Structures are given as C-alpha cells and as structure tokens.
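Participant: The structure's right below; bear with me while I get my questions together.
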Amino acid sequence: MKTKETARKGLYVGTGVGLVLFALMGLLPGSMIGGVIGLKIAGGIFGSPIQATVLARLIIAVCMITGVIAAAIASVLGTGILGWTVGAVVDSVKSRREAVEAAHATAR
C-alpha cells in the first residue's frame with residue numbers, strides 16, 4: 001500500500017512536534033521518574049538507607065536512562081502516529097472528493 005503525500009508529511013510534522021515536546025517537557029520528568037524507580041529498586045535490594053556503592057548507582061543510572069527512553073518513545077511515537085492519522089484522513093477526504101468529481105464529470 002502506497003503512503004500518500006499528506007500522510008507522510010503529517011508523520012514528519014508529528015514526529016518533529018514530538019521531538020520538541022520531548023525536549024521541553026519529557027527529558028527531566030523521564031529521568032526523575034526513572035531515578036525514583038531506581039531508588040526504590042536499589043532500596044529493596046540493598047536496604048532502605050542506600051549506600052553509595054557502584055552497583056546501587058548503576059541500577060539507578062540504568063533506570064534513569066530507561067525512563068528517558070520511555071518518555072522519548074511515548075512523545076515521538078504518539079505525536080507521529082497522531083500526525084500520520086490526520087494526514088491519512090485528509091488524504092481520504094481528498095481522494096473521495098476527486099472520485100465524486102470524476103463521477104460527475106463522466107455523467108455529463
């Protein structure tokens with residue numbers, strides 16, 4: 001199935017908007033939420049007052065990176081799909097209008 005031009009442009013615009021939204025509102029909350037989850041995991045493994053060991057820091061860092069990646073995926077993929085959907089709807093309306101005009105032209 002060939003992707004129509006407006007749907008492709010909508011995908012690009014949606015992805016761009018998602019990148020901007022992620023940079024403005026997703027980077028810090030993603031790392032903060034991931035860090036809190038990492039602290040909870042490390043606290044459950046090593047005990048509540050967490051010592052500054054390498055393994056505890058590694059767990060927290062991996063969770064922070066995972067939180068940032070999850071926020072990026074949600075922002076970019078969500079707005080990209082939304083933009084593609086809007087473009088696909090516009091394409092279908094255009095093609096339907098062209099089909100109706102072609103049918104009227106052949107009927108005359």
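Participant: Could you say whether any residue in the stretch 51-67 is among the hydroxyl-bearing types (S, T, Y) and modelled with pLDDT under 95?
Facilitator: Within the stretch 51-67, one or more residues are among the hydroxyl-bearing types (S, T, Y) and modelled with pLDDT under 95.
Participant: Something else about it: I'm checking my understanding of the structure. Among residues of the stretch 8-43 that are β-branched (V, I, T) and under 14 Å from I73 (Cα atoms), which one is surrounded by the most Cβ atoms within 10 Å (Cβ to Cβ)?
Facilitator: The qualifying residue surrounded by the most Cβ atoms within 10 Å (Cβ to Cβ) is T15.
Participant: Condition first: surrounded by 15 or more Cβ atoms within 10 Å (Cβ to Cβ) and either in a helix (DSSP H, G or I) or in contact (Cβ under 8 Å) with a residue 40 or more places away in the chain (or both). Now tell me which residues in the stretch 44-64 satisfy that.
Facilitator: Of the stretch 44-64, the ones surrounded by 15 or more Cβ atoms within 10 Å (Cβ to Cβ) are 50, 56, 59-60, 63-64.
A56, I59, I60, C63, M64, listed by residue number.
Participant: Name the residue that is farthest from the chain's Cα centre (by Cα), counting only residues in the stretch 78-108 that are surrounded by 14 or more Cβ atoms within 10 Å (Cβ to Cβ) and among the β-branched types (V, I, T).
Facilitator: My answer is V90.
The values are calculated or read from the model by the stated rules, or taken from the named source; none is laboratory data. Quantities reported herein were computed from a predicted structural model and do not represent experimental measurements. Every residue, glycine among them, receives a Cβ derived from its backbone with ideal geometry; neighbour counts consider all protein chains shown.
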